[in-house]
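Read through the structure below, which is laid out as structure tokens, and then see the notes.
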């Protein structure tokens with residue numbers, strides 16, 4: 001659970017909601033083929049279980065000292081995509097979408113391009 005407190009009270013948002021919101025936002029961006037698994041162990045377990053166990057593959061959300069969110073993304077891009085432009089677009093779109101949906105400040109969006117789809 002990610003929680004913030006304001007003058008009205010405490011708001012708690014589940015981490016799974018934020019990660020699914022980020023995954024859908026990233027997959028809608030131009031040039032993104034998919035969100036990648038973070039490591040081989042998760043990849044192996046995910047493939048053995050049919051992908052049900054690790055639904056949050058490729059997206060890590062954590063809170064920092066200031067109460068803001070830091071988001072790490074591992075993506076696969078399509079061949080011929082301008083990677084710098086795609087990463088810049090993804091960074092801004094993810095930060096805007098999460099801030100609008102949850103009213104939590106996004107301090108960092110780190111995008112790692114792990115693979116390329118031919």
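The values are calculated or read from the model by the stated rules, or taken from the named source; none is laboratory data. None of the values given here were measured: they were computed from a predicted structure. All Cβ positions, even for glycine, are placed from backbone atoms using ideal geometry, and neighbour counts span all protein chains on display.
Within segment 18-35, the residues that satisfy the criterion of being in contact (Cβ under 8 Å) with a residue 40 or more places away in the chain and more than 18 Å from residue 84 (Cα to Cα) are 18, 19, 21, 22. Within segment 1-29, the set of residues being over 15 Å from the mean Cα position of the chain (by Cα) and loosely packed, with under 11 Cβ neighbours inside 10 Å comprises 1, 5, 6, 7, 8, 9, 10, 12.
Between 25, 91, 81, the distinction of being in a loop (DSSP other than H, G, I, E, B) and either modelled with pLDDT of 85 or more or in contact with a strand residue (DSSP E or B) (Cβ under 9 Å, 6 or more places away or on another chain) (or both) belongs to 81 only. In segment 100-113, how many are part of a strand (DSSP E or B) and surrounded by fewer than 15 Cβ atoms within 10 Å (Cβ to Cβ)? Of the residues in that region, 3 qualify.
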